[in-house]
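Below is one structure, written out as structure tokens; the observations come after it.
No value in this document is a laboratory result; all are computed from the given coordinates. Small disclaimer: the values here were computed from a predicted structure and weren't measured. Here Cβ is always computed from backbone atoms with ideal geometry, including for glycine, and neighbour counts include all displayed protein chains.
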Amino acid sequence: MSQKPRKLQRVSKACDFCNRRSIKCGRSEDTLGRCQNCVDFDVPCTFDRPAKRRGVKAGTRASMREAPLAKTPVPENILPVPPVSQVTGGTSNSSASRSSYYPESAHRPSLTGDPWSTFHAGGVATEGYDDDGALRNSWNAFAVASDRQIRNLVQVYFEIVYPIFPLFHKQSFIERVHNQEHLRNPGLFASTMAVCALVSGRARDGALFTNRWHRDELADPPSEAFYAAAKDSIPRDLAAAKGINYMRACAILAIASIQNGQIKNMQKYSGMYHTLTSMEGLHDEKLWPKDLSPIETEERRRLFWSIYTLDIYSTIVWGGVIRYREAHSLVRYPSEIDDEFITPHGYGLPPVSPQSGVLNPDDVTIVSRQPVAWLRGWNFTTDLYRILEHVVDSNRRRFSSANGTSQVWSLFTPASMSEPAVMERVLSMYAALPSQFKETPPITGDMAKDLFGFQSANIQATLQLLRMVLLSAEELGVDRKCDVAGELLSVFSKVPVEYLNAISSPLLHHLGGIGYILGSVMEGSLSEASYQRVRTLLLKMADLLSRLETGLQRAAGASQRLRSQVDRIDGYMRTSRLLNLNPSHLRPQHTTIPLDAKHEVPVPPTAYIPRSSSVPTVGPPTAMREHMMQFQLPPELLSDWPWPLDGAHTEGFLPVAFE
């Protein structure tokens, strides 16, 4: 008779590490007797916590009978620390032992398949976990295992993010990461993980432009893993998050949230950044520590003005309030010196090349002049955002009467600014820039040259943003709107696509402004000529989107959707022309044109007569006849327009694109 197999016994008591993380403590083949989770993270497997008596305390049952049970609500979005097997790519069957950590609406992480499925499903670690030390050790082990990837992502940061957000001094940051200083400095660890999350996300979305890097090689671990590591590394008590690194971590997480289309997270981490800057006094250099080195001083200045521009941008796109005003800020612009000439001990000067010499008009001697630094163009972009701050204020005053308060701003502010007056001043400032910032040559892979191209592309994008915000406050006719949209598209189409891909998701909101302008034309009164003009601009915009969507996930399919929209309108126009050639259209009836199996678009009885019609016309002059032949597209044709056409987006000008 065969012997009955012995039933496997579960582990009677979890080790300290698994107990703190509320995960299953499984056996392993480790020679040291450690559980599988401790083996994965290479930490001691201890049982040092004091034992607690099981069961209910004396007197508890009686008190429970006397008082009804109060049902404690489960907080939303509370998820456990990611299972070890999914962080390290191991195969241990780790799972949360307390299912109450998961709300019913939350996605439970998969324990099979993709080892990073926890992060893709949104199941990231709990912020402010009970044992911050254990959590930090866990992420340190993750960072050690991902050391090569972290070094690569930091290098890529200086190629695709640094030209727009130069939040680190290049040489010193790379050296600190190579020395693994981030493993010993919690603040630096948080900001380094945030950098990796942002760079990995942009690399995934097609921002790479050299052959030195390949997207697939930078995708494992994914952006979500580094994002979770950065998030968990920020102290639950923000008062303990001291120093520039935590401020940088929150700022970079806000940018990464924009990249991933997570606007609420962007608002969350922007708010945390501004809380920390208020506590640290970042807005006033007199409040900074007195012993800062030149590198630390420049990094603080770059951080402040970088996120100032991000704050203005997010206010324009998503509404909300501007948190820091230029009038309230006492922070200098970053010094226009390349990083290699900024040291912990002082500032150096770049060598003077023969090309940088100029002739003295008084004699023929050559007067040496230092070469132009790329930060000159970066500071000019900050000037444009400072102008945008005041334009946003002017636009918001149009809605201030709706809150029922008396108007007091008119006591201190002159008449509102007009687009021609502001742009005349801005363009004169632009004309004074060195020529390097007015040209956008193709990317070369040499960052000493490409840094100037990035500034030129960013200046052009910001100039167009300024124009759109200025024009949003004015009543424009159809021709003027088409002129503006055509000029904006022309500017973007001339910028090499590599720069546009590097700017990445934020660029979609610039294009969303153009789509909003064209959409407002499409929903208004049109003539044959105005429709043909808008149609041409929409196809140009579709061409531009097709250049971007090859890598940018959030733009995927946008160009085809836009072309399909144009095809539907073309079908309506063709059928409408046929009806106009039929005498029966003079009868006051409501005709329906089937566009496809799902849509039926009503055609108004007052359809226009196209210019190409052979029907003789006798009557008023051409201009008046053109006005009489205007028509309006039925709203059903614009129901799935990519950009909102209603008036709900009153605070900001640019609607969220492709959400």
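So the label point goes 7 Å from the Cα of Gln171 along Cα→C-beta, right? Which residues of the stretch 438-474 then have their backbone N under 17 Å from it?
Taking a point 7 Å out along Cα→Cβ of Gln171, the residues of the stretch 438-474 whose backbone N falls under 17 Å are 447-448.
Tell me which residues come under 5 Å, amide H to amide H, from Ile23 once H is placed; ignore anything under 5 positions away on its chain.
Under 5 Å from the amide H of Ile23 lie the amide H atoms of Ser97, each far enough along the sequence or on another chain.
For a 21 Å ceiling on Cα separation, which of these pairs sit above it: Lys231/Lys264; Lys24/Lys264; Lys242/Lys264; Lys13/Lys231; Lys264/Lys540?
Lys24/Lys264; Lys242/Lys264; Lys13/Lys231; Lys264/Lys540
Give me a comma-separated list of calculated 3J(HN,Hα) values for the stretch 251-256, in order, Karplus coefficients 6.51, -1.76, 1.60 applied at θ = phi - 60°, integers in Hz, x for any Gly or Pro.
Rounded to whole hertz, the list is 4, 5, 5, 5, 5, 5.
Assuming 0.36 nm per residue, please report the length gained on full extension of the stretch Arg397 to Asn379 beyond their Cα-Cα distance.
Length gained between Arg397 and Asn379: 3.7 nm.
Could you derive backbone 3J(HN,Hα) for the stretch 279-285 from the dihedral phi with the Karplus parameters 6.51, -1.76 and 1.60 (θ = phi - 60°), listing whole Hz in sequence and x where the residue is Gly or Pro?
Running phi through 6.51 cos²θ - 1.76 cosθ + 1.60 with θ = phi - 60° gives 5, 8, x, 5, 6, 9, 5 Hz.
For the stretch 32-48, what does the Karplus curve 6.51 cos²θ - 1.76 cosθ + 1.60, with θ = phi - 60°, yield as ³J(HN,Hα) per residue in whole Hz, taken in order and with x for Gly and Pro?
Whole-Hz 3J(HN,Hα) from phi for the stretch 32-48: 8, x, 7, 6, 5, 5, 5, 5, 4, 9, 6, 10, x, 9, 10, 10, 8.
Shape call for the stretch 127-326 from the C-alpha gyration tensor, a ≥ b ≥ c root eigenvalues: rounded (a/c under 1.5), prolate (a/b greater than b/c) or oblate?
Values: a/c = 1.36, a/b = 1.20, b/c = 1.13.
Rounded, since a/c falls under 1.5.
List the GluC sites (Glu not before Pro) in the stretch 429-490 that DSSP assigns to loop (not H, G, I, E or B) and whose Cβ has at most 15 other Cβ atoms within 10 Å. Which are they? Could the numbers behind the result be given before it?
Details: sites: Glu439, Glu474, Glu475, Glu487; in loops: Glu439, Glu474, Glu475.
For GluC sites (Glu not before Pro) across the stretch 429-490 that sit outside H, G, I, E and B with at most 15 neighbouring Cβ atoms in 10 Å, the list reads Glu439, Glu474, Glu475.
Give a quick list of GluC sites (Glu not before Pro) in the stretch 261-348 that DSSP marks as loop, anything other than H, G, I, E or B, with at most 15 other Cβ atoms within 10 Å.
Within the stretch 261-348, the qualifying GluC sites (Glu not before Pro) (loop, at most 15 other Cβ atoms within 10 Å) are Glu336.
Taking amide H positions as placed in the peptide plane 1.01 Å from N, state which residues far from Thr343 in sequence (5 or more) or on other chains have amide H under 5 Å from it.
Amide H to amide H, under 5 Å and 5 or more residues apart or across chains, Thr343 pairs with Gly348.
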